[in-house]
Amino acid sequence: MLAIDPATHLSRVRETSPLVHNITNHVAMNSMANVLLAIGASPAMVHAREEAAEFTALASALTINIGTLSPHWVEAMEATALAARETGHPWVLDPVAVGATRFRRETGARLLALAPDVIRGNASEIIALAGQAGGGRGVDSTDPAEAALDAARRLARQTAGVVAVTGEVDLVTDGQRVARVRGGHPLMPRVTTLGCALTGVVAAFLAGADDRFEATVAALACYAVAGELAGDVAQGPGSFAVAFLDALFHLEDKALAERARLEVDDAP
Amino acid sequence: MLAIDPATHLSRVRETSPLVHNITNHVAMNSMANVLLAIGASPAMVHAREEAAEFTALASALTINIGTLSPHWVEAMEATALAARETGHPWVLDPVAVGATRFRRETGARLLALAPDVIRGNASEIIALAGQAGGGRGVDSTDPAEAALDAARRLARQTAGVVAVTGEVDLVTDGQRVARVRGGHPLMPRVTTLGCALTGVVAAFLAGADDRFEATVAALACYAVAGELAGDVAQGPGSFAVAFLDALFHLEDKALAERARLEVDDAP
Amino acid sequence: MLAIDPATHLSRVRETSPLVHNITNHVAMNSMANVLLAIGASPAMVHAREEAAEFTALASALTINIGTLSPHWVEAMEATALAARETGHPWVLDPVAVGATRFRRETGARLLALAPDVIRGNASEIIALAGQAGGGRGVDSTDPAEAALDAARRLARQTAGVVAVTGEVDLVTDGQRVARVRGGHPLMPRVTTLGCALTGVVAAFLAGADDRFEATVAALACYAVAGELAGDVAQGPGSFAVAFLDALFHLEDKALAERARLEVDDAP
């Protein structure tokens, strides 16, 4: 029996259909909305300074993704993250390519100061966000997740939140506990913005959850199992993307029980 | 025999391949373009203040969707709707989540004043646009279409246009006539922006049509039948989206004659 | 034996996985990223003035597509094209609907002055960019590629670069040599932004290439063969888009050798 049961968390999402407010990048918007609908959540993309903070009070969770930035968006991101904190809604930061430019590094630092409940990135991004050397060239990580464990722990303690480093093996930490989630499929990095969409799924799992660490691990486990199921029928990245949405939509307790591979280490 | 024959309208679209100019939201742009290409129209997305009004004179119809707003876009939307009116081209308003924020309510009111030929929204949006209570939390309607009939009638009379309320059963009214279109598939709301894309299809059907009410009903009937056909082969929302484009592309008179379910009530 | 071997160029892309930086339109972003991932490249979309020029120094090639413009983007496009030239990275211009509005004509002229290594457009766009009459109504060409040969030659000489005119038969010229690439499938123009995504593939093939003309021809030949393979299994535009990504991902030397149809004419 697993200490964290992904199926319980998935049931909560499907029963409550949380409205997830996303300020995300232009590449991800459509696929993220489809992933959230497939998992049972309700997505909304609202990014204008004139309304984003007001809108987020209607939602159950917020995600902010810095993939395609502009100065107006950064202002909206900060105001909206602040509004989420004030209303007590969880928010998730996706620091896409945060190490690549000065604008990204500054934006990442400003958002980090607003204490995201969860940060979800690849190893290069987590390392860069923690202010360490390296940081990758773009959206694709050049480091394995394990290389970012120290950076992830430090960020988790700094924000009093959770950090998820996704890769071939995913790492999740709240600064004390460390979980590893295995699974997924080699075609997943060949489909654009599946990582960005996962950030939305984490937010959906946070809505109404008692424990942010457990909810994050459950979200990653569901995603990994759906990826495996899609990989069983896909012919390539095009058919993988289609099969992945179908697999998320039909994801059953039985498949989760049989396939989810997660381990939690409580030693700090 | 149907009083409104969807096949006749579909043939006109395929023969004339109308250029449909869309100022639509970022989530919808790609899928809307694919839907319009599949139905036989030619899509273009142009939103800058510097060119949108000029561009729309080249097109046969215009759609404006307020899903992802910014102040510059609102200016472009107003100027472009005005240009469409001046050139005599039909334009369709899609008031996404119009009740959710003050910015949306104000934008909706400004565009409503420019008398759209057709307004297409879900029940919550139509109720909110008509200034009634309710209005939903986001892009997903919390009311059935029938609940918006009075609001739809009032908006139709106010704009001297047509209002389509889409849902499990679609309602269309020009303030006098009321049509109901049945069909579609339960997976349709699980695929993002199919409603937004339908707004484009309505615009394509308006181009060169004699009767805006009939053209709108025909567009909705074609969409519903394609949705049914896609549902016959889909495994989930991913494969539904694929099958839906294929079904729109191959939509035949025979399937329309057999499956279209629409009724028109002339009593005001 | 072909004078230009597409398989050799494709192998280089897959081995080096070049980072391709794209300032592209909102409709194309997602599908272009998926096409680039499928062919073996690594895509990044970064468009803010505050970072685009800085980012492009990290990339191996740049594309600029004027499909969905705004004034801030035009500034970023110019600064980024200049940065690409200064760092010696190739850049590709995609002049979407350049003849449609004054804003587009001016933007096209400003970008043309920055000497793109390759220009890729349909016949109407190439004719309009060369300042000739015609120029089409939108993104769909109203002229066959052959009609744009003179315009293409003139642009190639003006920029000391390569011009690719894509259509049922593709034309490529560097002002001296002219290549024609046949193949593809009638469903390709029914899937939105496949042309835009091809611009990215050309950029990926330019990275590390000795000869821009040959690399461009090779990219077009790979695309055409993948289109044929997808057409063999597609049921319509929805399934074509899926099959096309799978075909790009699995594209093999054998299929390229058997199916690529290209001819090069050295006479000026």
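The values are calculated or read from the model by the stated rules, or taken from the named source; none is laboratory data. Source: prediction; values computed, not measured. Glycine gets a Cβ as well: all are built from the backbone with ideal geometry, and neighbour counts include every protein chain shown. For the accessible areas, the whole protein counts, side chains as well, though only heavy atoms, and no ligand, DNA or RNA atoms are used. Shrake-Rupley method; radii C 1.70, N 1.55, O 1.52, S 1.80 Å.
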Q) Of A:P71, A:P189, A:P43, which has the largest mean-square fluctuation in a 10 Å C-alpha GNM of chain A? A) A:P71
Q: List the distances, in nm and shortest first, from the label point of A:P71 to the matching label points in every other copy, placing each point 7 Å from Cα along the Cα-to-Cβ direction.
A: 1.3, 1.3
Q) For the protein assembly as shown, what is the convex hull (Cα atoms) projected area averaged across all directions, in square nanometres? A) 30.2
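Of the beta bridges DSSP finds with both residues in the protein assembly as shown, what % are antiparallel, to the nearest 5?
Working: 36 of 90 bridges.
Approximately 40 percent, going by the DSSP bridge assignments.
Give me the summed buried accessible area for the A-C pair, 1.4 Å probe, to the nearest 100 Å².
The contact between C and A buries close to 2300 Å².
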Q. Just for region C:6-257, what percent of DSSP beta bridges are antiparallel, to the closest 5?
A. 30
Q: Place the label 7 angstrom along Cα→C-beta at A:R261 and in each other copy, then list the distances from the first to the rest in nm, shortest first.
A: 4.7, 4.7
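Please work out the Cα convex hull volume for region C:6-257 and give it in Å³ per residue.
Values: hull volume 25.7 nm³, N = 252.
Dividing the Cα hull volume of region C:6-257 by its residues yields 102 Å³.
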Q) Which residue fluctuates the most in chain A, going by a Gaussian network model with Cα springs under 10 Å, if the choices are A:A97, A:A38, A:A123? A) A:A38
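Considering all alpha-carbon pairs of region C:99-212, what whole percent are spaced by more than 17 angstrom?
Details: 3395 of 6441 pairs.
Every Cα pair in region C:99-212 considered, those over 17 Å come to 53 percent.
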Q. In nm, to one decimal, how far is the A:E75 label point from the B:E86 one, both placed 7 Å along Cα→Cβ?
A. 3.0
Q: Round to a whole angstrom and tell me the spacing of the C-alpha centers of region C:148-183 and region B:156-170.
A: 50
**Q.** Shortest-first distances to equivalent copies, position A:A57, nm, label 7 Å out along Cβ
**A.** 4.4, 4.4
Q: Just give the residues from region B:184-203 buried by at least 40 square angstrom of accessible area in the all-chains context relative to the isolated chain, probe 1.4 Å, and say none if nothing qualifies.
A: B:R190, B:T192
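What does the helix-only formula give at 222 nm for the protein assembly as shown: each DSSP H stretch with n ≥ 4 adding -39500 (n - 2.57), the total divided by the residues, and the result rounded to the nearest 500 deg cm²/dmol? Present the calculation step by step, with values, prior to reporting the outcome.
Numbers: 33 runs with 387 residues, N = 804.
One gets -15000 deg cm²/dmol as the mean residue ellipticity at 222 nm.
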Q) Can you list the residues of region A:223-254 whose accessible area drops by at least 30 Å² going from the chain on its own to the full set of protein chains, with a 1.4 Å probe? A) A:Q235, A:P237, A:G238, A:V242, A:D246, A:F249
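Can you bin region B:1-137 into rounded, prolate or oblate? Criterion: square roots of the alpha carbon gyration tensor eigenvalues sorted a ≥ b ≥ c, rounded for a/c under 1.5, prolate for a/b above b/c, oblate for the rest. Each step should come with its number before you reach the end.
Numbers: a/c = 1.78, a/b = 1.28, b/c = 1.39.
Verdict is oblate for region B:1-137.
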**Q.** Neighbour count of at most 15 Cβ within 10 Å plus DSSP loop: longest GluC sites (Glu not before Pro)-free window in chain A
**A.** A:1-167
Q: Mind checking the per residue accessible area of chain A for me, 1.4 Å probe, whole number of Å²?
A: 33
Q. Tell me, what is the Rg over Rh of region A:190-268, with Rh the Kirkwood radius over Cα pairs?
A. 1.00
(Q) Quick check: at a probe of 1.4 Å, how many percent of the accessible area of the protein assembly as shown sits on carbon and sulfur atoms? (A) 49
(Q) Considering only C-alpha atoms, what is the centroid distance from region C:214-232 to region A:26-82, in Å? (A) 37
